[in-house]
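A.B. asks: Structure below; questions to follow.
The values are calculated or read from the model by the stated rules, or taken from the named source; none is laboratory data. Everything numeric here is computed off the predicted structure, so don't read it as measured data. As a convention, Cβ positions derive from the backbone with ideal geometry for all residues, glycine included, and neighbour counts pool all protein chains shown.
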Amino acid sequence: MQRVYNFAAGPSALPLPVLEQVQKELLNWNGMGASVLEISHRSRQFTSVVEETIAMIKSLYQISDDYEVLFIQGGGHTQFAMVPLNLCVGQCGAYALNGVWSRKAFKEAQKIAQAKEATSVEFRVPKQEEIDVSGASYFYYCSNETVNGIQYHYTPDVGVDMVCDMSSEFMSRPIDVNRYGLIFAGAQKNFGPAGVSIVIVRKDLLGKASSTVPSMLDYKTYAGYLSMYNTPPTFAIYVAHLVAKWLIDEGGVAEMERRSIIKSNLLYDTIDSSNGFYFNQVEKQSRSRMNVVFNLENKALEEHFIREAEAENLRYLKGHRILGGMRASIYNAVSIEAVEKLADFMKKFATRYA
Ligand SMILES: Cc1ncc(COP(=O)(O)O)c(C=O)c1O
């Protein structure tokens with residue numbers, strides 16, 4: 001069986017050694033004579049998985065004991081609601097709007113409280129001086145807009161607690177967690193399968209939710225029960241545990257950043273040197289190193305592009321249904337070799353059809 005070059009936006013490519021280990025131990029995990037899928041989350045063995053995954057996340061991002069690391073179900077969308085439910089106390093957040101996911105989070109927050117717009121821009125991230133957080137209890141932004149291919153290459157400094165949706169760039173570069181009140185990320189892009197989100201929250205922000213907030217939507221519940229107040233998504237956490245180990249073995253987030261610069265440069269250079277055959281509308285300084293979005297000048301060729309790419313085993317390159325065009329998601333598990341193949345294919349395709 002030949003595995004394809006997988007450029008899916010999420011769920012997306014997982015490291016092959018992780019998948020192989022899952023396969024190897026699926027029927028008999030840890031010598032227990034049962035699958036990890038079949039054992040209690042309260043078992044000593046599984047509790048260790050949770051504790052070790054937290055420890056590895058803390059070590060990869062150098063997170064201090066001022067923070068809790070939580071595992072929560074319901075994906076990024078549930079975080080869009082949990083953030084205002086927990087952090088809009090009196091005042092609410094100010095949201096930077098610069099893509100599909102930040103706008104969606106803002107709409108959700110507006111259902112819950114008086115969330116405000118901090119700034120709104122297109123095809124780029126806002127500049128620091130464009131962000132207005134006056135009267136807000138937190139500043140919310142999405143550091144990598146998966147659909148639009150837009151990424152912050154600076155950390156805003158705004159004077160209120162920062163909340164960041166890092167779903168599609170989690171563990172792809174070093175960050176200073178101390179700059180944030182709360183970070184969340186759905187695992188299904190860079191850290192595991194769908195089903196679990198990682199939330200990193202400063203401890204003093206816990207316990208602020210009103211007493212009417214359901215237990216399962218209160219971060220404090222998760223912090224108080226090692227994320228096991230109810231049955232957690234055990235399989236997703238187990239795979240995330242293997243991904244964290246893989247990340248450490250590969251050299252951690254600094255190495256992931258080094259690779260992602262090489263990979264994204266390969267694709268952006270191909271686009272920029274195609275004499276307009278391919279184009280990307282995002283401002284250069286705001287281009288994503290995780291999701292490279294591009295169009296063909298001749299739209300009629302886009303179907304051909306997808307079909308011919310598929311014939312070369314280059315898969316899942318179709319852009320998000322909202323934007324159309326193409327999108328190559330080049331997360332941590334996508335190798336430099338895969339991206340070289342894609343760049344090579346793009347060049348040949350352009351020569352053939354230009
Ligand atoms: C940046 C970002 N935030 C949030 C979401 C929503 O995540 P979920 O589908 O897990 O709710 C996505 C999904 O693609 C995303 O890319």
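A.B. asks: Under 9 Å between Cβ atoms, which residue pairs at least 6 apart in sequence (or on different chains) link something in the range 114-127 that is touching a residue at least 12 places away in the same chain (Cβ under 8 Å) with a partner that is of a type in the set (K, R) and part of a loop (DSSP other than H, G, I, E, B)?
C.D. replies: Taking only residues 6 or more apart or on different chains, the pairs are T119/K127; V121/K127.
A.B. asks: I'm told N6 meets every condition in (1) under 19 Å from N332 (Cβ atoms); (2) more than 16 Å from the ligand (Cβ to nearest atom) except one. Can you identify the failing condition by its number?
C.D. replies: It fails just one condition, (2).
A.B. asks: While we're looking at this one, here's another question. Please give the number of the condition F170 fails out of (1) under 30 Å from Q91 (Cα atoms); (2) at pLDDT below 95.
C.D. replies: (2)
A.B. asks: Here's another thing I want to ask about it. Of the residues A309, A338, A333, which single one is at pLDDT 95 or above, under 17 Å from R3 (Cα atoms) and touching a Pro at 6+ places or on another chain (Cβ under 8 Å)?
C.D. replies: Every option except A333 fails the conditions.
A.B. asks: Taking helices (runs of 4 or more DSSP H) that do not extend beyond the range 215-294, which have at least 2 residues that are within 17 Å of the chain's Cα centre (by Cα)?
C.D. replies: Filter on the range 215-294 gives 234-250, 252-272.
A.B. asks: Which fully enclosed strands (runs of 3 or more DSSP E) of the range 90-167 have 3 or more residues being within 13 Å of the ligand (Cβ to nearest atom) and closer than 18 Å to S197 by Cβ?
C.D. replies: Of the strands (runs of 3 or more DSSP E) lying wholly inside the range 90-167, those with at least 3 residues that are within 13 Å of the ligand (Cβ to nearest atom) and closer than 18 Å to S197 by Cβ span 138-142, 161-165.
A.B. asks: Considering each of S215, S197 in turn, give the residue that is of a type in the set (S, T, Y) and within 16 Å of the ligand (Cβ to nearest atom).
C.D. replies: Values: S215 fails: within 16 Å of the ligand (Cβ to nearest atom).
Among S215, S197, only S197 is of a type in the set (S, T, Y) and within 16 Å of the ligand (Cβ to nearest atom).
A.B. asks: Now a separate question. Only residues that are among the β-branched types (V, I, T) and either outside the structural domain of S59 (by TED's automatic domain parsing) or within 16 Å of the ligand (Cβ to nearest atom) (or both): list them for the range 168-194, please. Even if it seems obvious, please write down each step before you answer.
C.D. replies: Looking only at the range 168-194, we keep the residues that are among the β-branched types (V, I, T), and these are 175, 177, 183.
Across the range 168-194, the qualifying residues are I175, I183.
A.B. asks: For the range 29-61, which residues satisfy the criterion of being of a type in the set (S, T, Y) and in a loop (DSSP other than H, G, I, E, B)?
C.D. replies: Result: S35, S40, S43.
A.B. asks: Sort through V69, V18, V83 and tell me the only one that's within 17 Å of the chain's Cα centre (by Cα) and away from the ligand (no atom under 16 Å from the Cβ).
C.D. replies: Of V69, V18, V83, the one residue that is within 17 Å of the chain's Cα centre (by Cα) and away from the ligand (no atom under 16 Å from the Cβ) is V69.
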